[in-house]
Structure formats: structure tokens, C-alpha cells
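Each value in this text was obtained by applying a stated rule to the coordinates, not by laboratory testing. Since this is a predicted model, take the numbers as computed values, not measurements. Positions of Cβ are generated from backbone atoms using ideal geometry, with glycine treated the same way; all protein chains shown enter the neighbour counts.
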Amino acid sequence: MCRIGVGGAAVGGVQVILRATSGLLLLVALAACGGGPARTPAGTPAVTLELSATNSVFDKAQLEVVADAPFAIEFENRDAIPHNVAIQGGGAGMTGEVFGGPQTKTHVFPSLPAGSYRFVCDLHPEMVGTLLSVAP
Ligand SMILES: [Cu+2]
């Protein structure tokens with residue numbers, strides 16, 4: 001059973017604050033990102049966030065990314081039961097793979113306009129956090 005929360009699903013609470021119209025800002029964020037995460041396999045964006053789930057709880061309540069730049073989330077599922085990471089309100093490409101653990105997978109997300117979003121596990125709605133997309 002896989003519910004994908006894309007589109008008009010009422011989120012309640014935190015909603016997308018800003019929403020750029022499509023087509024803007026095709027900037028490629030190639031700028032150096034000093035002090036960034038160590039592990040960035042070839043082909044992945046400069047920014048890789050780490051997130052894990054243990055006993056159906058995310059280890060972080062808030063994530064922060066740079067607006068208008070792709071990013072990756074390296075998600076470690078420490079539970080046997082499946083989880084994923086999906087970003088609500090972000091549009092296409094914002095749903096990470098559902099998989100059982102213990103296992104770690106990295107999902108590359110498209111860029112997000114600046115604003116406040118929610119990240120969730122599609123299977124466990126109580127697994128939620130805030131993702132802030134911050135203008136550089
Ligand atoms: Cu889950």
C-alpha cells in the first residue's frame with residue numbers, strides 16, 4: 001500500500017510559503033560548497049543530507065536545503081519495516097523509494113523554490129518533519 005502525497009492533499013500546519021512559477025531560475029548551482037558532506041557520489045548534487053529512521057521516527061525534525069538547487073537525501077532505514085522520504089508540496093520527483101531496512105539509499109530531489117515544506121514517510125503519516133528551502 002503506497003500512498004503518494006502529491007497534489008492537493010491538505011497538509012495542515014506548515015504550507016508552502018513561496019512558490020515560484022515554472023520556468024524561472026534554471027541556474028545550475030555549480031558553485032563551490034565548502035565544508036559540505038564528504039560522501040557525494042558522482043552525479044549527485046553538491047548537497048547531500050543525511051536522514052535516518054529508527055522505530056518509525058526520523059532522527060531529524062528539520063532539514064535545510066538551498067533554494068533552486070537540486071539536493072540529495074541519503075536515507076538510512078534502520079527498521080525492518082519499509083519507510084521512505086517524500087516532500088509534500090514540491091511537485092514531481094519528490095517521492096523517495098519505499099524500502100525496508102536496514103538499508104541506506106540516496107534519492108536525488110529536484111530543486112525547490114524557497115519556502116517551508118514537510119518531509120514525510122508515505123506509509124507512516126506520523127513520521128514528519130520540516131524542510132526549509134532557503135534562498136542562497
Ligand atoms: Cu515509514
Fill in the blank from the handout: Expected vector for region 111-118, Karplus 3J(HN,Hα) from phi with 6.51, -1.76, 1.60 and θ = phi - 60°, integer Hz, x for Gly and Pro, equals 5, 10, x, 4, x, 10, 10, 10
Completion exercise
Simple SL model, points at 7 angstrom along Cα→Cβ for Ala80 and Glu97; separation in nm is 2.2 nm
Exercise for the section: Given the peptides 65-71, 99-105, arrange them by the average over their residues of other C-beta atoms within 10 Å, most packed first. Expected result: 65-71, 99-105
Fill in the blank from the handout: Rounded to the nearest 5, the percent of antiparallel DSSP beta bridges in region 48-134 equals 65 percent
Completion exercise
Listing Ile73, Ile87 by rising number of other beta-carbon atoms within 10 angstrom, fewest first, gives Ile73, Ile87
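So how much slack lies between Leu123 and Glu64, counting 0.36 nm per residue of separation and subtracting their Cα-Cα distance, in nm?
Values: separation 59, 0.36 × 59 = 21.24 nm, distance 2.27 nm.
So the extension gain works out to 19.0 nm.
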Exercise for the section: For region 65-98, state which GluC sites (Glu not before Pro) are in a DSSP loop and have at most 16 other beta carbons lying within 10 Å of their beta carbon. Expected result: Glu97
